[in-house]
Amino acid sequence: MRLYRMELYKLCHRKVFIIGSGCVIAILIVLFLTKLWEEEAYVNGVTYYGYQAVQINRKITEEFKGTISDEKAEEIIEKYGFPHEAKEYHGYYMDANFLTRWVTEYLSDGYFYGWDNYQIPTYLKAIEETELQEIMEVTGEEIILEYSDGWIVYGELLTLGHILGSILILFGISIVFANEGQTKMLPLLFTTKEGKGKDIFAKIAAAFTVAIGVWIGITVLAFLLCSIVYGLDGLKCLTGISKMVRFINLYYSPVSVIPVSSFLMVVVFRSFLGIMLLCSMTVYISACYRSSFHAVISASICWMLPILLLILFGNILRLPIIWLLVYASPIYSVLYDSLVDVYQIWIILAWISAAWMMIGIISSYRRYRKIL
């Protein structure tokens, strides 16, 4: 335990880790505020922005939340009207709120694909005439209307946060073994009464503790920011309809017809496995070098390798084994949009990630133990 505390202290009190942690938090808060400011709500001739718009959208949705029906859609349009005012370079109708945006998209003849490609809605369609009817037939359940914009922001915060967290782990953990060789501490460490084995286990345990701490910190921070401002409604909505996954023909994708809650649980679990695999990979690479600089560079290259392969050799993903390894890699595991491509086999990918993680831990121990 004493060795573990010492190793944990060394990792957590390095300037690069402390400053990096502060930067990750600051960047996430800036992204959150940026997304918050993008929210708009037009009610009774007044346009609200940012935090106020979120609260207005939440308030007006509360009255109509639950199972959607033709009667509810008619009441919404009767009360707030169809949006019709578009502006150049603006992302949606100027006079829309969450409810009118939802009804326009799914239950009207209107659409908005861009400020230069839209059609102003003129009438409501019956649910049985829309894609919603087909979705209900596929799922066997009614369509739920709730305010769900916060979960879109949460997904984006998770992705950016875990990418930044991965970079923090690369710089923070790459030195766990390599630094001892660089500072000529190996002979001293291995002559202590604790011996090689306990020292290696302490270093690995400390590295994983830091990685788990980074993952928890980012996941909890993103959740607190979104839940406090946007609330917890929307977990029962379908992923595709909530716009967490963007599809035109929603019922063609398995991931689009699952609840947001189920989607987010898989996203969070995959991100955890990705961070753990990254830690295992980084620890192993650290054990292969006696220079912290070379360990950091090598670990960073390995982390980015799937993206580099995709950019340089896109056709390589056509090979099934390469495709599986790429989507099980640390960097793809934290990209929540990547779940769209692999939802039906995400459990297989999870087992692949877990297997590689254990191989990395065992290889790290054996590699470092053979140094002397």
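When you look at SER363, is it part of a helix (DSSP H, G or I) and either among the aromatic types (Phe, Trp, Tyr) or under 19 Å from TRP215 (Cα atoms) (or both), yes or no? Here the answer is no, as SER363 does not meet what is asked. If you go through the range 313-358 and pick out every residue that is without any contact (Cβ under 8 Å) to a residue 12 or more places away in the chain, open to solvent by 70 Å² or more (accessible area, probe 1.4 Å) and closer than 17 Å to MET276 by Cβ, you end up with 2. Please verify whether ALA73 is among the hydrophobic types (A, V, I, L, M, F, W, C), surrounded by 13 or more Cβ atoms within 10 Å (Cβ to Cβ), within 27 Å of ALA126 (Cα to Cα) and in contact with a strand residue (DSSP E or B) (Cβ under 6 Å, 6 or more places away or on another chain), treating the condition exactly as stated. Yes: the conditions hold for ALA73. Could you tell me which of the residues GLU105, GLU85 is more than 31 Å from the chain's Cα centre (by Cα) and surrounded by fewer than 19 Cβ atoms within 10 Å (Cβ to Cβ)? Exactly one of GLU105, GLU85 is more than 31 Å from the chain's Cα centre (by Cα) and surrounded by fewer than 19 Cβ atoms within 10 Å (Cβ to Cβ), namely GLU85. Only one of the numbered conditions (1) within 28 Å of the chain's Cα centre (by Cα); (2) without any contact (Cβ under 8 Å) to a residue 12 or more places away in the chain is not met by GLU63, and that is (1). Could you tell me whether GLY181 is modelled with pLDDT under 85 and open to solvent by less than 20 Å² (accessible area, probe 1.4 Å)? When the stated conditions are applied, GLY181 passes them. Quick one: LYS243 ticks every box in (1) surrounded by 15 or more Cβ atoms within 10 Å (Cβ to Cβ); (2) at pLDDT 95 or above bar one, so which box is it? Against the list (1) surrounded by 15 or more Cβ atoms within 10 Å (Cβ to Cβ); (2) at pLDDT 95 or above, LYS243 comes up short only on (2).
Which of the residues belonging to the range 206-220 are over 19 Å from the mean Cα position of the chain (by Cα) and of a type in the set (A, V, I, L, M, F, W, C)?
First, pick out the residues of the range 206-220 that are over 19 Å from the mean Cα position of the chain (by Cα): 206-210.
Within the range 206-220, ALA206, ALA207, PHE208, VAL210 qualify.
Per the conditions (1) surrounded by 17 or more Cβ atoms within 10 Å (Cβ to Cβ); (2) not in a loop (DSSP other than H, G, I, E, B), the sole criterion not satisfied by PRO121 is (2).
Are there helices (runs of 4 or more DSSP H) fully within the range 1-80 with at least 2 residues that are among the β-branched types (Val, Ile, Thr) and more than 29 Å from CYS237 (Cα to Cα)? List them. Spell out the reasoning first.
On the way: elements: 2-12, 15-38, 50-62, 70-80.
In the range 1-80, the matching helices (runs of 4 or more DSSP H) lie at 15-38.
Criterion applied to GLY91, GLY66 was being of a type in the set (Gly, Ala, Ser) and modelled with pLDDT under 90, and the one residue passing it is GLY91. Go through the range 42-70 and give me each residue that's over 27 Å from LEU225 (Cβ atoms) and open to solvent by less than 20 Å² (accessible area, probe 1.4 Å). Residue satisfying the conditions is ILE68 alone.
The values are calculated or read from the model by the stated rules, or taken from the named source; none is laboratory data. These numbers were taken from a predicted model, which means no experiment stands behind them. Neighbour counts run over all protein chains shown; Cβ positions are idealised from the backbone, glycine included. Side chains are part of the model used for accessible areas, which takes the heavy atoms of the whole protein and leaves out ligands, DNA and RNA. Shrake-Rupley method; radii C 1.70, N 1.55, O 1.52, S 1.80 Å.
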